[in-house]
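Here the structure comes first, spelled out in structure tokens, and everything after it is commentary.
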Amino acid sequence: MDVNQVDIQQIVTKVMMAINEDGQMASASASCGTVPGSAKVALLTGLEKLEVKSYDIPEITDDEVLVKVEGCGVCGTDVHEYKNDPFNVIPLVLGHEGSGTVVKIGANVKEDMLGQELNVGDKVVTSVTLTGEDEFTRFKPNKTNLSNEMAIYGLMTDDNYHFNGWFGEYIILRKGSSIFRVNDLSLKERLLVEPAAVTVHAVERAKTTGLLKFDTKVLVQGCGPIGLILMTVLRTMGIENIYAIDGDNKRLAMAKKIGATETFNFKDYSSFDAMKDTLIDMTGGGVDFAFQCTGVPSAASSIYKLIRRGGGLCEVGFFVDNGDATINPHHDLCSKEITLVGSWVYTFADYVTTFDFIRRAKGIGLPFEELVTHEFGLDELNEAMAVNMRLEGIKVAFVNR
Ligand SMILES: NC(=O)c1ccc[n+]([C@@H]2O[C@H](COP(=O)([O-])OP(=O)(O)OC[C@H]3O[C@@H](n4cnc5c(N)ncnc54)[C@H](O)[C@@H]3O)[C@@H](O)[C@H]2O)c1
Ligand SMILES: [Zn+2]
């Protein structure tokens, strides 16, 4: 479905109504009949300590949905939470990039966010849950990503539900959840939906500068899952002049496979300036537009030097506070007249664009599913975290076997 067909206002209103409604009359819920009495989750009980626990699965209400988890991507944010608890939510069940099958559905839950019928057996993903009203949910529905009134499964402190994150055998989706039916996507595609929505949003932000065109020379700095998916999005838009920088040859090889014109391993150069001179020569003065996808402050500082005068930059790389980055406002910003945008997560509409993007990527044969390089079971999640921290592979995933 094209994003233009979706009325964002309608979507947000629907979620807000669901949150604000008084309790509905109880009525029968549908289930597939094979739900066990108890199930396991991986609970983060302390720093770097994921423990598999078993809990009774509570009876769902008429506004809730019970999902049997098939898998969930492991994200850099999970690793941050695992190592440092920056969100102060321990104990919790992590995992926000998940997907699974509806096994029980409350009588009041009839359709997904797009108005598609929702039934037992459907494959689903979720986006954020709006938990209340503020200026963004009330007056700026296409800026709900900036609202503080949101919760996300996989970053909620443990409570009586227990099944609050996708690192488990089941998850309970509460009233007001944003559920999307995605039966036509493969499991790997579904596990990549959430990070893909981050990159779709970044590209939407970049488009507002008016600088992203067919022949734009685009730099993607940082070839982790975010940078590589972003490159895939650019390819589906017909952007062919893509320059990729990373320090890891496996990731750069994947960038090439996705279609990067040139790749640069910054470790192969004696200095940043040596790499810069090569890129400036190659692009005839610098790239037209750059996406900063590293999370490394020094990279956020130096990227300006690679952009031509009159060019643009989208800063995506900092979901967490990794410290300050300095620039020279005269050389880097004013004299070049750089158009700079920041990008913060996604809106519900970005999810719709993301589903469309994934179908297009498949349609033109891009290696999207290949970005999922590692799979771990529920009792192997400590190892999954370690693999992620060592930047082995690309997208590490938890998969229920
Ligand atoms: N803006 C948002 O809403 C949002 C959402 C999700 C993630 N993020 C951020 O996006 C960033 C990337 O996410 P990811 O999952 O791909 O992380 P990642 O750590 O897997 O990838 C980062 C990549 O940057 C490379 N890198 C490091 N220093 C570099 C340098 N100087 N030049 C070029 N490349 C360099 C690393 O080798 C790595 O491959 C993270 O820092 C995360 O916080 C932002
Ligand atoms: Zn994530």
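The values are calculated or read from the model by the stated rules, or taken from the named source; none is laboratory data. Worth saying up front: this structure is predicted, and the values here are computed from it rather than measured. Neighbour counts run over all protein chains shown; Cβ positions are idealised from the backbone, glycine included.
Cβ-Cβ distances below 7 Å connect the following pairs, each with a first residue in the range 182-195 that is in contact (Cβ under 8 Å) with a residue 24 or more places away in the chain, a second residue that is among the acidic types (Asp, Glu) and within 15 Å of ligand 2 (Cβ to nearest atom), and a separation of six or more residues or different chains: Leu191/Glu97; Glu194/Glu97; Pro195/Glu97.
Among (1) touching a residue at least 60 places away in the same chain (Cβ under 8 Å); (2) more than 14 Å from ligand 1 (Cβ to nearest atom); (3) of a type in the set (A, V, I, L, M, F, W, C); (4) not in a strand (DSSP E or B), there is one condition Ile303 misses while meeting the rest; what is its number? That leaves (2) as the condition not met. The C-beta contact set for the range 375-395 (first residue among the charged types (D, E, K, R), second residue assigned to a strand (DSSP E or B), distance under 7 angstrom, 6+ apart or interchain) comprises Glu375/Ala397; Glu375/Val399; Asp379/Val52; Glu383/Phe376; Lys395/Gly73; Lys395/Val372; Lys395/Thr373.
Residues that are basic (Lys, Arg) and within 18 Å of Gln221 (Cβ to Cβ) within the range 301-354 comprise Lys305, Arg308, Lys336, listed in sequence order.
Only one entry of Ile307, Ile258 meets the criterion of being crowded, with 21+ Cβ neighbours inside 10 Å, under 23 Å from Ile358 (Cα atoms) and modelled with pLDDT of 95 or more, and that entry is Ile258.
Only one entry of Gly286, Gly317, Gly310 meets the criterion of being in contact with a helix residue (DSSP H, G or I) (Cβ under 9 Å, 6 or more places away or on another chain), at positive phi and not assigned by TED's automatic domain parsing to the domain that holds Phe87, and that entry is Gly286. Pairs meeting the criteria (first residue in the range 130-147 and part of a strand (DSSP E or B), second residue of a type in the set (Gly, Ala, Ser), beta carbons under 7 Å, at least 6 apart or on different chains) are Leu130/Ser147; Leu130/Gly176.
Those strands (runs of 3 or more DSSP E) of the range 311-401 that lie entirely within it include none in which at least 2 residues are out of contact with any strand residue (DSSP E or B) (no Cβ under 9 Å at 6 or more places or on another chain), surrounded by 17 or more Cβ atoms within 10 Å (Cβ to Cβ) and modelled with pLDDT under 95.
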